[in-house]
């Protein structure tokens, strides 16, 4: 019985620390904490915490969670999907993506040579 109880305590502690880690990352935005995701898919919360400090990896992970090209997947329950989407949007607000170099365009009014327009 002691092994069983210590096992349950260990699982509860692991879940608490994963939740606490995500809450710490969401500081100031705790209302976006994904309760259903945490309860139903704790391994996803663990992975989000692990990739949070790597913007490219985090964005890729959110994208892979939210969209799939595999027809065999059933998808997330709607509440979980909504929480993931809100978390992804919050992430992009907290860490705005940098524009790709090819997306940076020159000013169309820039003439480049003395300022005359032909």
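Just so it is clear, none of the values below were taken in a lab; they were calculated from the coordinates. All values reported here derive from a predicted model rather than from experimental measurement. Glycine gets a Cβ as well: all are built from the backbone with ideal geometry, and neighbour counts include every protein chain shown.
For a quick check: sort 93, 47 by the number of other beta carbons within 10 angstrom, fewest at the front.
Listing 93, 47 from fewest to most nearby Cβ atoms yields 93, 47.
Beta carbons within 10 angstrom, averaged per residue: use that to sort the peptides 55-63, 80-88, highest first.
Values: 55-63: 15.1, 80-88: 17.8.
By packing density, highest mean first, the sequence is 80-88, 55-63.
When all alpha-carbon pairs of segment 29-83 are counted, what percent fall beyond 15 Å?
Here the long-distance tail beyond 15 Å is 53 percent of all Cα pairs in segment 29-83.
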